[in-house]
Amino acid sequence: MNTLFLWLSTAGAVEADWSFERTRFSWIGGQVTHIRSSYGNLPIDGPPAVVFEDTAGSVVNTIGATPIHAPASLQPSISVHQAATIAAEHWYAQAPAKGTLVLHQNADTTRLAWRLRIEAMGQIWTTWIDAHSGETLGTEADSWSAQAWVYDPNPAVAELTPAELLGLTEGPNLQGHFAFATDCIEWRIDPKPYGERVCLDWNHAAKATGDGNFFIEPNHGDLYDPFAEVQAYFHTDRIARWLSNRFGISLGYSLQIFTNFPLTNAFFGDFDDDGDRDISFGISDDGYNLAYDSDVVYHEFGHGIVRKLAGSMWMQADTLGIDWTPGALNEGVADTFAMILNPDPLLAESLGASDKWDLAIRNLEHARLCPDDLRSQVHRSGEIWGSMAWNLVSDPRIGQDLTADLLVATIAGWGNGTNWPDAGWSLIETAEILLNDQLIDEDTFSAVSDHVANSGILDCERIVDLKHTESSLQYLMNLGLMDQYERIPAGVQFQYQTPPESNEFQINIEDFSGVDAQTGLAVYLRAGNPVEHEAMRIEGLGLHHAVPVAFDAVFEIDESAATIVLNEESDPPLVPGERYYWSIATINRGRSPMDVAYSKVTIQANAFMGGFASLEPNKSVGCTNLPTHRTHRFFWPIVIALMVGIRRKLG
């Protein structure tokens, strides 16, 4: 120890402002010590000084023991932004968003410098810019690449092809600057909704061969499939690199990728419960590995981008009920990132071969309109944004690149309180900024505005008009709670303007699937105004919730089909010409707390005049729906068929 101190003194390094970090290991001939030094709390970059001691503790050799001279000033003359601009100009690359002030040692000089990471030529580089003069002091490679077999974009449309894995930083594993790929080897997974999902242990299954490459064959459907790591790493690195190079945005850490566990799902979250979010790709029970499809990878990484720019976007509650709009926008934006990198409207077409999906997980080629296509479920309601975004991507006046610019700038201003009109108008406002700066022309701006307007989101208030839409499919949730949390409302309400000459109004409940899952259905009816809810949070869980507080009647249904009838004899009686609103909610009929069950139901409505249905000219009905003969109906004071009970509340 004293010998080491003497060596440091000889090197000119022992001063009050200097500090040292030593790493020591032993071998048969003595000890080797690596010494890294700092001055004024600034690290000195470069290789460490190395001290070799014999078994008696005497220094027998040193490497890098040159005198260290501190710079005259530790205050930079140029900012990190200026240094980043200088480096970017030299490399013809995106300027890095941040840098670190360090001391750069070269020969016998120590200079104040900005340490920056530059992405160029398919690799990560560390470069040092003198913090006083702006001179480039040196550059070192910080990553390397390897070759591998991949599907690009997925096994449905491409054969295995050799590709370059970029940004690798450590050892024989898929450890990179933006992400590292792993195999979950022990898990605890409850497949039920909101069930526990934890990866208890993981390792690196994919290993480089002797030449440093990853030419690994797929092992379709098997829980041991190192290729899944390779495929997921390749596409995760691609979207992360694209985001960083184009916008200077990163998640801020190396994202862990989990593969090869039994779950028909992929997700962005904290699968191993270590406090860091990751992306995870399961294998369906019919043997399809979700890591194989790049759309799924880009979608899950897209959730990371949304969280980075807009925070957590999932759900809210308001006077209309539960509001799933933030989560739907989150899902729609994640789909948009997938379509920007893979410009087609089929999301995950390789999974279309599974019995669980048809052509793909989602087909966004066909228009989805707000509010007609709101489904009270984030993925399905998110198709409204996704189909609008596909129109942007596929329009030659706009295309992938401009859509990407519009998307990133727009969602940077979103939050969990963003609603459909907010989202639509913010996208148009972003396009208007580009128009005013002459970065797009009037025709392009009009194209963006028209696509947004045509989706219906600019004035979407989450009330489906069933006079203009034949039916509405809704997805509902039962949390298994009691008391004021027993009923979980849908994310939309419904309305219908009855004609002045009508003598009957019907709300039809069809294909309600909750009966077999201890779930009932409540229908809250109100004339003249939407059913009013009180927004709250579920005590203990903190989840948003809403309870109806203003309505005229409530109907409870415990059958798969039922009809609510209003006429002159019903209670409440029909008021011809009145606009009726109603909301729906699940009723917990015996499920345990957080034993979550999903159900679905189709809602349809019609008014009748003398036995004939009131068909509006713009209502979506096929030829088979037109009445071909007079139907005779007998209307008794029974308000609802197959109804368990009715309660009335004035509001």
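The values are calculated or read from the model by the stated rules, or taken from the named source; none is laboratory data. Quantities reported herein were computed from a predicted structural model and do not represent experimental measurements. Cβ coordinates were reconstructed from backbone atoms using ideal geometry, including for glycine residues, and neighbour counts include every protein chain displayed. SASA here: full protein model, heavy atoms, side chains in, ligands and nucleic acids out. Shrake-Rupley method; radii C 1.70, N 1.55, O 1.52, S 1.80 Å.
Tell me the residue from Gly577, Gly590, Gly542 that is closer than 30 Å to Asn416 by Cα and either out of contact with any strand residue (DSSP E or B) (no Cβ under 7 Å at 6 or more places or on another chain) or among the acidic types (Asp, Glu) (or both), please.
Being closer than 30 Å to Asn416 by Cα and either out of contact with any strand residue (DSSP E or B) (no Cβ under 7 Å at 6 or more places or on another chain) or among the acidic types (Asp, Glu) (or both) holds for just one of Gly577, Gly590, Gly542, which is Gly542.
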Point to revise | Failed item in (1) modelled with pLDDT of 95 or more; (2) closer than 23 Å to Tyr598 by Cα; (3) open to solvent by 30 Å² or more (accessible area, probe 1.4 Å); (4) under 18 Å from the mean Cα position of the chain (by Cα), with Trp314 passing the rest | key: (1)
Check your understanding: For region 355-362, does any single residue satisfy the condition of being surrounded by 24 or more Cβ atoms within 10 Å (Cβ to Cβ) and touching a residue at least 60 places away in the same chain (Cβ under 8 Å)?
Key -> no
**Study point:** Among (1) within 30 Å of Glu532 (Cα to Cα); (2) assigned to a helix (DSSP H, G or I) - the single one Asn391 does not satisfy
**Key:** (1)
Revision key, fill the gap. Of the residues in region 582-603, those that are open to solvent by less than 30 Å² (accessible area, probe 1.4 Å) and part of a strand (DSSP E or B) number 12
Check your understanding: For region 425-443, what are the residues that are open to solvent by less than 70 Å² (accessible area, probe 1.4 Å) and closer than 18 Å to Gly399 by Cα?
Key -> Leu427, Ile428, Thr430, Ala431, Leu434, Leu435, Ile440
**Study point:** Residues of region 187-207 satisfying the condition of being at pLDDT 95 or above and part of a loop (DSSP other than H, G, I, E, B)
**Key:** His204, Ala205, Ala206, Lys207
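Could you identify the single residue in Asn213, Asn173 that is in contact with a Lys or Arg (Cβ under 9 Å, 6 or more places away or on another chain) and more than 27 Å from Phe337 (Cα to Cα)?
Asn173
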**Study point:** Search result, residues across region 9-34 that are under 24 Å from Gly138 (Cα atoms) and either among the acidic types (Asp, Glu) or at pLDDT 85 or above (or both)
**Key:** Glu21
Review point. Which residues, counting only those in region 341-353, are farther than 13 Å from Ala266 by Cβ and part of a loop (DSSP other than H, G, I, E, B)?
Key: Asn342, Pro343, Asp344, Pro345
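What number of residues in region 384-414 are open to solvent by 20 Å² or more (accessible area, probe 1.4 Å) and of a type outside the set (Ser, Thr, Tyr)?
Number satisfying all stated conditions: 12.
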Check your understanding: Scanning region 444-479 for residues that are of a type in the set (Ser, Thr, Tyr) and either assigned to a loop (DSSP other than H, G, I, E, B) or open to solvent by 10 Å² or more (accessible area, probe 1.4 Å) (or both), which turns out nearest to Trp425 (Cα to Cα)?
Key -> Ser449
Practice item. Please enumerate the residues belonging to region 100-142 that are at pLDDT 90 or above, surrounded by fewer than 17 Cβ atoms within 10 Å (Cβ to Cβ) and not polar (S, T, N, Q). Key: His132, Gly134, Glu135
Exercise for review: Take Gln506 and decide whether it is in contact with a Lys or Arg (Cβ under 7 Å, 6 or more places away or on another chain), assigned to a strand (DSSP E or B), of a type in the set (S, T, N, Q) and at pLDDT 95 or above.
Suggested key: no
Exercise for review: Please work out which residue is farthest from Ala93 (Cα to Cα), limiting yourself to region 222-247 and to residues that are modelled with pLDDT under 95 and surrounded by fewer than 15 Cβ atoms within 10 Å (Cβ to Cβ).
Suggested key: Arg246
Review point. Can you name the number of the only condition in (1) on the phi < 0 side of the Ramachandran plot; (2) under 32 Å from the mean Cα position of the chain (by Cα); (3) open to solvent by 50 Å² or more (accessible area, probe 1.4 Å); (4) not charged (D, E, K, R) that Leu521 fails?
Key: (3)
Practice item. Would you mind telling me which numbered condition in (1) surrounded by fewer than 16 Cβ atoms within 10 Å (Cβ to Cβ); (2) assigned to a strand (DSSP E or B) Asp276 fails? Key: (2)
